[in-house]
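Asker: Pasting a structure here, questions to come.
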Protein chains: 2
Amino acid sequence: MAETSGEPLDTLQTPCLLLDEARLRANVARMRAHLTGLGVAFRPHLKTAKSLDVARLAMTAPEGPATVSTLREAEYFAAGGVRDMIYGVGIAPAKLPRVAAIRAGGADLAVILDSLEQAETVAGHARRGGDALPVLIEVDADGHRSGVAPHDRDTLVAIGRCLTAGGATLRGVLLHAGDSYALSDPDAHAAAAEAERVAAVTAADALRQAGLPCPVVSVGSTPTARFARDLTGITEVRAGVFMFGDLFQAGTGAVEVEDIALSVLATVIGHQRAKGWIVVDAGWMALSRDRGTARQAVDQGYGVVCDRAGRPYPDLLVTDANQEHGILALRPGSGAALPDLPVGAQVRILPNHACATGAQHDRYHVLDAAGRAAAVWPRINGW
Amino acid sequence: MAETSGEPLDTLQTPCLLLDEARLRANVARMRAHLTGLGVAFRPHLKTAKSLDVARLAMTAPEGPATVSTLREAEYFAAGGVRDMIYGVGIAPAKLPRVAAIRAGGADLAVILDSLEQAETVAGHARRGGDALPVLIEVDADGHRSGVAPHDRDTLVAIGRCLTAGGATLRGVLLHAGDSYALSDPDAHAAAAEAERVAAVTAADALRQAGLPCPVVSVGSTPTARFARDLTGITEVRAGVFMFGDLFQAGTGAVEVEDIALSVLATVIGHQRAKGWIVVDAGWMALSRDRGTARQAVDQGYGVVCDRAGRPYPDLLVTDANQEHGILALRPGSGAALPDLPVGAQVRILPNHACATGAQHDRYHVLDAAGRAAAVWPRINGW
């Protein structure tokens, strides 16, 4: 896109979602270079972007590989030509017919599970359908949510045998070190990445020692992907939120605030001058209710307020939010001056959580190098 | 809808949004009867439902009146025949052309503002467009967010004169007692309603004493609407979330848990039995990130878990949520037994905040009296 093709931001109706294409491209290039250096494949997670335009920038090829968080994403990306996907949420039996329909359309969609009861259902489905559905066993890296314990050899092998005996394909193991989100030190993230790696290799070895196949050993989270130092035994890494970045990930140290590619454009609609409040038309509906930074060292309220060029105002936050109202005020204790922002002025708000903020919108207004709105990229939501 | 026309819930793909039509109708009937008894008109707020089907049940006539929170809602409801609307968020200058287009289509859409600078812009727009745009002055009932202070007669009159001199129509004053959300006692809510009423009447009197018109005196919030005992001097009441109810409003005492009409249907996808966790496929993307009950006497986590018939399991909450994973566990300290919910079992989750949970979805699956899915009602999002 040529710089001159863009529209000025004041032509946009607010609130709306802005995506800085140069930052997105740089974030993707940095992650790809890091993972290439570690000798692993990259399977970007598309749950944050939910956009074919973004996916094509993030994936290493138009056909994938990619990770999705819903079958709606799988259907959408399959229709857009993505051929290699993992649906990264434990499979429910009632979703298998939709999985089969996506696979019948030509996409190699794999599912994950972590119990023998799921394995029995999936194996039966594969046998009846004559489709050797590929399955990864979800392994619990760190107690974060789902997965078989990496040392629970009996369960891993029982699931693996059930799947292969039933006509499904055992494709490997999958882990997500979600507890890394609670860390903020590079060495701690590197240790979490190493723990994720060891858990993955332990589970893969258990399957292989039982004579079962385990071609794929898949790990990932934005912090562990960023800070992993050695991925011996891992075949691929999944990560998604790093593409856009957000204030929460900045709080973990996994991204820099100046690399955050996503923001919400808002307009000043009023003031409560005695209180030092500026009221804008972006409330929690446009920003999301996510307050993840409240648990971090620096609480960013509902977001950091920037000028139209994306430069943060000193200490100016969205300190409170109603459905369609955001209240801008200085960080408590700040000595900064409140900027003079009259009714009609536009600001940009950096999000706490790119996945949550993005999901409140149905399109990205893509910024060119001159900071002008050069394109509209649609995005999907729902299941 | 006949009871026999519905589909069983296990035909639905999860997560999805369920709406109990009988509860919705009862909630609307109760509010209407209460407001009729107080002698005021009802202008339902459609920001929670964002659905023409729901609007037609809630409004007193197919043409309105109604309240909207976005111009997208105004456009959608105008296309559906609603003719009398207030856009209840302070107007930004760049939105006036869209307001004019909606009005040119035949809908009487009014705007609100709380500053002389906005009044000058709106008056100029009205003069140039030859459309006597109706305006309500937003008055601050309780320090919650926007609005002119009710005793600030000079500002109220200056705004009123600017509007009428410029060719706009001064339609009245509008207030929202949002701080009532922090209360939980009927008498405290009644006192907040009385304070809202007094502020409204004070501001209206200031305009009238200056010779300005003030035909509409509009107040509203779900708790103050529910508990108001006298609305002398008020012409209309706005409220929206009461139609569906939610756990936060139950915490304020404004609704009963058994009257909550909205829930999210989810499917069990796994267990971490050693931890007492049941994992479902409804995470914060389906439930929203709203944790409003965390500040109330009873913290409901990300929601109260019910069986498929909508009966709460004792002490079972969504205690944590990732994007597409909800973790069900017993309330801390509970002596209840964890229900036996195998992979594939469905549960219903009552939301913390109906406005936020609804916005994560694009349709309602409407339940008939037999608890079956009898219809799909679309809903909109965005701006």
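The values are calculated or read from the model by the stated rules, or taken from the named source; none is laboratory data. Predicted model only: the values in this text are computed from it and were never measured. All Cβ positions, glycine included, derive from the backbone under ideal geometry; neighbour counts span all protein chains shown.
Asker: Would a scan of the stretch A:92-110 turn up a residue that is part of a loop (DSSP other than H, G, I, E, B), at the interface with chain B (Cβ under 9 Å from one of its Cβ atoms), in contact with a strand residue (DSSP E or B) (Cβ under 7 Å, 6 or more places away or on another chain) and over 18 Å from A:Arg379 (Cα atoms)? Break it down stepwise before answering.
Answerer: Of the stretch A:92-110, the ones part of a loop (DSSP other than H, G, I, E, B) are A:92, A:105-107.
Keeping just the survivors that are at the interface with chain B (Cβ under 9 Å from one of its Cβ atoms) gives A:92.
Add one more test, that the residue is in contact with a strand residue (DSSP E or B) (Cβ under 7 Å, 6 or more places away or on another chain), and what stays is A:92.
The next check asks that each one be over 18 Å from A:Arg379 (Cα atoms); those that pass are A:92.
Looking through the stretch A:92-110, at least one residue is part of a loop (DSSP other than H, G, I, E, B), at the interface with chain B (Cβ under 9 Å from one of its Cβ atoms), in contact with a strand residue (DSSP E or B) (Cβ under 7 Å, 6 or more places away or on another chain) and over 18 Å from A:Arg379 (Cα atoms).
Asker: So, one more: When both residues are 6+ apart or on different chains and their Cβ atoms are under 8 Å apart, which pairs have a first residue that lies in the stretch B:94-108 and is without any contact (Cβ under 8 Å) to a residue 40 or more places away in the chain and assigned by TED's automatic domain parsing to the domain that holds B:Ala123, and a second that is among the charged types (D, E, K, R) and assigned to a helix (DSSP H, G or I)?
Answerer: Filtered contacts from the stretch B:94-108: B:Ala94/A:Asp10; B:Arg98/B:Glu75; B:Ile102/B:Glu75.
Asker: Also, quick follow-up: Here are some conditions: (1) surrounded by fewer than 19 Cβ atoms within 10 Å (Cβ to Cβ); (2) within 14 Å of chain A (Cβ to nearest Cβ). B:Thr202 meets all but one. Which one does it not meet?
Answerer: (2)
Asker: If you scan the stretch A:284-316, which residues turn out to be more than 22 Å from the chain's Cα centre (by Cα) and either free of Cβ contacts under 8 Å to residues at least 60 places away in the same chain or within 8 Å of chain B (Cβ to nearest Cβ) (or both)?
Answerer: The answer is A:Val305, A:Cys306, A:Asp307, A:Arg311, A:Pro312, A:Tyr313, A:Pro314, A:Asp315, A:Leu316.
Quick grid of which residues meet (1) in the same structural domain as B:Gly310 (by TED's automatic domain parsing); (2) at pLDDT below 95; (3) closer than 18 Å to B:Met85 by Cα:
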| site | (1), (2), (3) |
| --- | --- |
| B:Gly211 | no, no, no |
| B:Pro215 | no, no, yes |
| B:Phe227 | no, no, no |
| B:Asp230 | no, no, no |
| B:Gly233 | no, no, no |
| B:Glu236 | no, no, yes |
| B:Ala261 | yes, no, no |
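Asker: Output yes when any residue across the stretch A:145-163 is surrounded by 21 or more Cβ atoms within 10 Å (Cβ to Cβ), of a type outside the set (Val, Ile, Thr) and on the phi > 0 side of the Ramachandran plot, and no when none is.
Answerer: yes
Asker: Out of A:Thr267, A:Thr319, I need the residue that is within 12 Å of another protein chain (Cβ to nearest Cβ), part of a strand (DSSP E or B) and surrounded by fewer than 21 Cβ atoms within 10 Å (Cβ to Cβ). Which one? I'd like the intermediate steps shown before the answer.
Answerer: Details: A:Thr267 fails: surrounded by fewer than 21 Cβ atoms within 10 Å (Cβ to Cβ).
Criteria check complete, one pass: A:Thr319.
Asker: Turning to a different aspect of this structure: Restricting to the stretch A:111-122, count the residues that are at the interface with chain B (Cβ under 8 Å from one of its Cβ atoms) and either without any contact (Cβ under 8 Å) to a residue 24 or more places away in the chain or in a helix (DSSP H, G or I) (or both).
Answerer: Residues meeting the conditions: 3.
Asker: What about B:Asn352, is it over 19 Å from B:Asp246 (Cβ atoms) and under 27 Å from the mean Cα position of the chain (by Cα)?
Answerer: On the way: over 19 Å from B:Asp246 (Cβ atoms): no; under 27 Å from the mean Cα position of the chain (by Cα): yes.
Against the criterion (over 19 Å from B:Asp246 (Cβ atoms) and under 27 Å from the mean Cα position of the chain (by Cα)), B:Asn352 does not qualify.
Asker: Hey, another quick one. Which one of these is more than 14 Å from every other protein chain (Cβ to nearest Cβ) and under 29 Å from the mean Cα position of the chain (by Cα): A:Leu156, A:Leu174?
Answerer: On the way: A:Leu174 fails: more than 14 Å from every other protein chain (Cβ to nearest Cβ).
The conditions single out A:Leu156.
Asker: Looking only at residues that are within 14 Å of chain A (Cβ to nearest Cβ) and among the charged types (D, E, K, R) in the stretch B:322-347, which one is farthest from the chain's Cα centre (by Cα)?
Answerer: The residue in question is B:Asp340.
Asker: Now a separate question. Can you tell me how many residues in the stretch A:19-49 are touching a residue at least 24 places away in the same chain (Cβ under 8 Å) and more than 14 Å from chain B (Cβ to nearest Cβ)? Show your work before the answer.
Answerer: Initial filter on the stretch A:19-49 (touching a residue at least 24 places away in the same chain (Cβ under 8 Å)): A:19-28, A:31-32, A:34-35, A:38-49.
With more than 14 Å from chain B (Cβ to nearest Cβ) added as a condition, the list becomes A:19-28, A:31-32, A:34-35, A:38-44.
Number satisfying all stated conditions: 21.
Asker: May I pose another question? For B:Val366, are the conditions met, namely being touching a residue at least 24 places away in the same chain (Cβ under 8 Å), outside any loop (DSSP other than H, G, I, E, B), more than 14 Å from every other protein chain (Cβ to nearest Cβ) and more than 15 Å from B:Ser288 (Cα to Cα)? Outline the logic, then answer.
Answerer: Numbers: touching a residue at least 24 places away in the same chain (Cβ under 8 Å): yes; outside any loop (DSSP other than H, G, I, E, B): yes; more than 14 Å from every other protein chain (Cβ to nearest Cβ): yes; more than 15 Å from B:Ser288 (Cα to Cα): yes.
Spelling it out, B:Val366 is indeed touching a residue at least 24 places away in the same chain (Cβ under 8 Å), outside any loop (DSSP other than H, G, I, E, B), more than 14 Å from every other protein chain (Cβ to nearest Cβ) and more than 15 Å from B:Ser288 (Cα to Cα).
Asker: Restricting attention to the stretch A:57-89, which residues are among the acidic types (Asp, Glu), more than 15 Å from the chain's Cα centre (by Cα) and within 14 Å of chain B (Cβ to nearest Cβ)?
Answerer: Of everything in the stretch A:57-89, just one residue is among the acidic types (Asp, Glu), more than 15 Å from the chain's Cα centre (by Cα) and within 14 Å of chain B (Cβ to nearest Cβ), namely A:Glu75.
Asker: Which number in (1) touching a Leu at 6+ places or on another chain (Cβ under 8 Å); (2) of a type in the set (A, V, I, L, M, F, W, C); (3) surrounded by 23 or more Cβ atoms within 10 Å (Cβ to Cβ); (4) within 14 Å of chain A (Cβ to nearest Cβ) marks the one condition that B:Leu9 misses?
Answerer: (3)
Asker: Let me ask another. Kindly indicate whether A:Gly245 is crowded, with 17+ Cβ neighbours inside 10 Å, closer than 30 Å to A:Met85 by Cα and more than 14 Å from chain B (Cβ to nearest Cβ).
Answerer: Values: crowded, with 17+ Cβ neighbours inside 10 Å: yes; closer than 30 Å to A:Met85 by Cα: yes; more than 14 Å from chain B (Cβ to nearest Cβ): yes.
The answer is yes for A:Gly245.
Asker: List every residue pair whose Cβ atoms lie under 8 Å apart, where the two residues are 6 or more positions apart in sequence or sit on different chains, the first residue falls within the stretch B:150-165 and is closer than 12 Å to B:Asp114 by Cβ, and the second residue, located anywhere, is modelled with pLDDT under 95.
Answerer: B:Pro150/B:Ala141
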